[in-house]
Amino acid sequence: MARPRRDAAGAYPDGGIASPARALTSAVETVSVAQLRRYLVDHQGYATRFRRSRTVGVAAAIRRLGCVQLDSISAVERAHRLTLTSRIGAYPESAISRLLAAGRIFEYWAHEACLVPIEDYPLFKRRMEHLRETHWWGRKHDHDPKVKAAVPGPLREHRPVPTRLFDGGGGGGMWNWKPEKRILEDLFAAGEVAVAGRNGFQRLYALPEQVIPREYLDTPAPSEEEFVRSYALRAVQGRGALTESGIAEHCRLPGGAKGMRPAVDALVEEGLVRRVGVKDGGPPVVVPVGAELDGRAAGGVLLSPFDNLLWDRAFVERVFGFRHVIEVYKRAPERVYGYYVLPFLFGDRLVGRADLKADRAEGMLRVPAFHLEPKVRRSAALDTALERALARLAKAIGLERVER
């Protein structure tokens, strides 16, 4: 039986029979870990052959995933480009800025700082209310009212305004920003300014009415209950399957599994998701109601360390037997695998870790090391898939060759 096709927004159709189970222990349908793993990989839509996409394909991929994480590290390529190229192949570097400027996507605090489909802008108005007085990192807003009132002026006059216009001379990162720049960040968190594009990786700020379509600006914020329920549904649709604790982690919502249970119960009642038991005896997963829990995975793909599939590290270890670590924030002597390491997905298994470095001056993707996972046997098929994945990645990010 073929898995149902998603609609243009990346959601499964609402048809199908929802499990009547509501309690954590009452899921009657069960799948093996192997079935779940194949389904999860298949659901992500990774590309195992080189391809090219246009700006419309970028927007569609962000809509299907629900959100794509941003990160400033560019040892290989920015995180969002690695996440997207692994699915849609090479695409114009200007695509993200064009989509932001045209109001077809927006940037905001979702899982972390993320690119989000514009259709979800009204949903995130609830989080903007949450962050009106306290920043994403927990810092309280405490600003001189006169300075705060002066910040929007350049946005009205110049549109868009680069971050450097507000840069201070401090050397301590964001905590030494001049007051105007800190206020700008807090206004962004509160939804009072928006990102209109990027120059390199530097944000270009504008007022929301300058970039966000009026229909989304005028839509009122949802209730807290509707925000949690709708955001949970987006998470399940984008990831394919999550535990209740995984939904909370994806959405950065408090309360863990217990806190998410009422929202999942409501989604089950509405016939939008169902709970499915897993034969390993761990917590059940929540999936779109029409999902067919199996899939086919072939070829090899190198994943961004910030790829959506890897966000819930405990779940990744449970389903893939792979302990995902990010070592860029460690000192060199403390690293086991390398500075910027991309997990290698071969079929439906995470079988290795590639320490990579983009040498732009030489047009080369360098591979300082590749670490095969314990109990994984090297084979001609694996080696071929890795070589092809490295070559495909290099081509997608504009490099001419690979050096191992």
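The values are calculated or read from the model by the stated rules, or taken from the named source; none is laboratory data. Everything numeric here is computed off the predicted structure, so don't read it as measured data. Cβ: placed from backbone, ideal geometry, glycine included. Neighbour counts: every protein chain shown. In case anyone asks, the SASA skips ligands and DNA or RNA and just uses the protein heavy atoms, side chains included. Shrake-Rupley method; radii C 1.70, N 1.55, O 1.52, S 1.80 Å.
A few notes on this one:
- Yes/no for GLU209 being at pLDDT 90 or above, open to solvent by 60 Å² or more (accessible area, probe 1.4 Å) and touching a helix residue (DSSP H, G or I) at 6+ places or on another chain (Cβ under 7 Å): yes
- Unique residue being hydrophobic (A, V, I, L, M, F, W, C), without any contact (Cβ under 8 Å) to a residue 40 or more places away in the chain and under 30 Å from GLU157 (Cβ atoms) when the list is LEU267, LEU187, LEU207: LEU187
- Pair list, Cβ < 7 Å and 6+ apart or interchain, from the stretch 82-105 residues that are touching a residue at least 60 places away in the same chain (Cβ under 8 Å) to residues that are surrounded by fewer than 18 Cβ atoms within 10 Å (Cβ to Cβ) and among the polar types (S, T, N, Q): ARG98/THR55
- Only residues that are touching a residue at least 24 places away in the same chain (Cβ under 8 Å) and assigned to a helix (DSSP H, G or I) were counted in the stretch 42-66, giving 13.
- Long-range neighbours under 8 Å by Cβ, at least six apart or interchain, first residue without any contact (Cβ under 8 Å) to a residue 60 or more places away in the chain and farther than 26 Å from GLY45 by Cβ within the stretch 330-345, second assigned to a loop (DSSP other than H, G, I, E, B) and among the charged types (D, E, K, R): GLU334/GLU327; ARG335/GLU327; VAL336/GLU327; TYR337/GLU327; GLY338/GLU327
- Those residues of the stretch 272-312 which are among the β-branched types (Val, Ile, Thr) and farther than 16 Å from LEU233 by Cα, in sequence order: VAL278, VAL301
- You will find that of VAL367, VAL402, VAL376, the residue that is in a loop (DSSP other than H, G, I, E, B) and β-branched (Val, Ile, Thr) is VAL376 and no other.
- Looking only at the stretch 67-83, and only at residues there that are more than 20 Å from ARG360 (Cα to Cα) and either polar (S, T, N, Q) or not in a loop (DSSP other than H, G, I, E, B) (or both), the one that is least open to solvent (accessible area, probe 1.4 Å): VAL68
- Test: residue in the stretch 382-398 that is open to solvent by less than 30 Å² (accessible area, probe 1.4 Å), in contact with a Pro (Cβ under 9 Å, 6 or more places away or on another chain) and in contact (Cβ under 8 Å) with a residue 24 or more places away in the chain: no
- Any chance ARG353 is surrounded by fewer than 19 Cβ atoms within 10 Å (Cβ to Cβ) and either closer than 27 Å to ALA298 by Cβ or within 27 Å of the chain's Cα centre (by Cα) (or both): no
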